[in-house]
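What follows draws every value from the coordinates through simple rules; no lab data is involved. Note that the coordinates shown come from a computational prediction; the quantities given were computed from them, not determined experimentally. Cβ coordinates were reconstructed from backbone atoms using ideal geometry, including for glycine residues, and neighbour counts include every protein chain displayed.
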Amino acid sequence: MKSATSRYLLLSTAVIGSLSLFALKNEDKIVADADNAGLKLPAGFGALKVADTGTRARHITVTPQGTIFVKLNRPTKEGQGILQLREGGTGKASVVAGFGNYGGTGIYSTKDYLYASSDEEVFRYKLNAKGEVTNPTQPEKVITGLLNRQQHESKSITLDQAGNIYVNVGAYANSCQVKDRQKGSMGRPNCPILDSAGGIWQFRADKLNQTYGDGTRYATGLRNVVGLDWNAQSNQLFVMQHGRDQLHDNFPELYDTKESAELPAECLYALNKGDNAGWPYTYFDPAKNKIMVSPEYGGDGKKVSTGSYLAPAMAYPAHTAPNALLFYTGTMFPEKYRNGAFIAFHGSWNRAPEPQKGYYVVFQPFKNGKPSGPYEVFADNFAGTPEKANAGRPDHKPCGLAQGTDGSLYVTDDKAGSIYRIVYAKK
Amino acid sequence: MFVLGALAWAATPAAAQKKPVSKARSAAKPAAAAIPAASLALGKTLYVQNCLSCHQADGGGVDRINAPLTKTTWVLGDKAPLVKVLLNGMQGVEIDGERYANVMPAFDYLTDQQLADVLTYVRNSFGNKASAVKATEVKAVRAANKK
């Protein structure tokens, strides 16, 4: 990838100093860490730690101009809930600005705007020609008044190509029980949560101060979506659902701890307007490959649902918490990755007493805008060791994904605040 | 330094979910009475059945989702508010400077003895060291807890 000229420039900049770095193009200077930042990757790939921010780095976006913005779960002591990073010589970055005194998860950028969400609202900031925010203290409020009742509070966002923004409003419950997460408590009839949560809402990306009434409940029956992305090939919204917890805890006579660890699958859904994915009435059993009736609504672990609910497009191991979804459109990685999906699995807690799982980034091949073939674990060992992963005590938890302007893949970590960048180096 | 030892179990009718006075340090002093082994063993079984899936095998909880039970103000503090956490459940309360997104369900269907055992186990596991909780103490809190 590197030309002789860029190698020469790289050497000379090291001598001259950092002032001349901006003369270089990004792809000419990226150097993977000797240990690939501790990650296990397929042959030909390398990784570097772009930065150690020490923050709860949730989602990340790279503007078309190459500026990196990271949304933090809670603002720093200085009141910065969004960090702006600038990369130096070899790809290592430093925080050059911070703004937005609110915690949250969602962040997304176009050429002209940076969108970011708190757990109740969505804001946007104007970007200048260099991809810098021009109004850090006076963002426009695009959406307001979204429900936040602690559980599943993240308001993840993505845009389509027709000027719409999609927001997840997670259900503030595990399975809409009369008493949430209590043993034996049955489901509330006609689950009232679904009015204002447990789905994806669609709004206009350029209208201000929109509330529920201005938007559309685009899809319902989705317990909690943290990772979502627009697929430009099929012109369709794809989302990753966090499946329900505690089948054994709440119905021990129907599910043992092993079944509870493997049920239900974490599901990828290809959404169309009006779809219903079945929460809380159903869950997906990957071994049976069936949509099952939830025990809170009369299920017994064997009863298959007869309702007309959307079937998942693909299923992944239970409770592994998919926190980011990204369709890869770059050209740096080999051909097979183009238009496929990367999924960041934050890692499980509800598989205990069985070993925990996740803490990796998966690649899901796609063909013609549909998932095609089995997924593979693409970047592993965020946990540090298999023992730390099994114990649910990982060093890092992958949470956000973004594609760099050169086609490299950025991954955030909301445990230690590391920002990773994965590059393909093979000739 | 501080004479806090005298502030041991006092049946203060603390309001539900009122943050307990921080007595972590005093409570960490060796408890005068020995911890009954039977209570610890039964408590462990109850913990595995009812608490482990959220608070985890090591009691460390889950980052920002399920609170840890390791030397927290609640676990090592006054027993009345601790018993009430189990009787009433808990949600949205900041614990030692951190917020947790999940819900702690109520365990009011466990008996006084079971609640005493599981709390005795928690107060003497995961690096914790604090006096045992007695069934009579749970009973008193439960009676006062009723409206």
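Things to note:
- Label-to-label distance for A:Asp256 and A:Gln233 is 4.2 nm, based on points extended 7 Å past Cα in the beta-carbon direction.
- Local electrostatic count, A:Lys302, Cβ distance below 11 Å [Lys/Arg +1, Asp/Glu -1]: +1
- Rounded Å value of the spacing that divides the Cα centres of the stretch A:219-283 and the stretch B:66-93: 31
- The stretch A:79-115 versus the stretch A:350-397: alpha-carbon centroid distance in Å: 26
- Kirkwood hydrodynamic radius of the stretch B:31-145, from inverse mean 1/r over distinct Cα pairs, in Å: 14.0
- Among A:Ser408, A:Ser372, the ranking by other beta carbons within 10 Å of each residue's beta carbon, starting with the fewest, stands as A:Ser372, A:Ser408.
- The stretch A:96-180 - Debye-derived log10 I(q)/I(0), Cα point model, q = 0.17, 0.24 Å⁻¹: -0.71, -1.19
- Pairs with C-alpha atoms separated by more than 32 Å, drawn from the list A:Lys126/A:Lys367; A:Lys77/A:Lys141; A:Lys77/A:Lys258; A:Lys415/B:Lys134; A:Lys303/B:Lys84; A:Lys141/A:Lys370, are A:Lys126/A:Lys367; A:Lys77/A:Lys258; A:Lys415/B:Lys134; A:Lys303/B:Lys84; A:Lys141/A:Lys370.
- Shielding of B:57-64 by partner chains, average beta-carbon count, 10 Å: 4
- Virtual spin-label span in nm between B:Lys129 and A:Lys303, 7 Å along Cα→Cβ: 5.3
- Taken one residue at a time, the phi angles of the stretch A:272-287 give Karplus couplings (6.51, -1.76, 1.60, θ = phi - 60°) of 10, 3, x, 5, 10, 8, x, 5, x, 6, 9, 9, 9, 9, x, 5 Hz. Gly and Pro are set to x.
- Taking all pairs of distinct alpha-carbon atoms in the stretch A:223-334, Kirkwood radius in angstrom: 14.8
- Of the two radii for chain A, the radius of gyration is 0.97 times the Kirkwood radius, both from the alpha carbons; that is the Rg over Rh value.
- Average partner coverage of A:165-177, which counts Cβ from other chains inside 10 Å: 1
- Loop-located chymotrypsin sites (Phe, Trp or Tyr not before Pro) in the stretch A:213-307, at most 10 other Cβ atoms within 10 Å (DSSP): none
- Residues A:Asp245, A:Asp112 arranged by fewest to most Cβ contacts within 10 Å: A:Asp112, A:Asp245
- Distance between modelled label sites at A:Gln138 and A:Arg86, nm, 7 Å Cα→Cβ extension: 2.4
- Taking other C-beta atoms within 10 angstrom as a stand-in for reagent exposure, B:Leu115, B:Leu42 fall in the order B:Leu42, B:Leu115, fewest first.
- Cα-based helix-to-principal-axis angle, A:4-16 vs chain A, degrees rounded to 10: 80
- For the stretch A:324-427, the share of alpha carbon pairs falling in successive 10 Å distance bins from zero is 16, 44, 30, 10, 0 percent.
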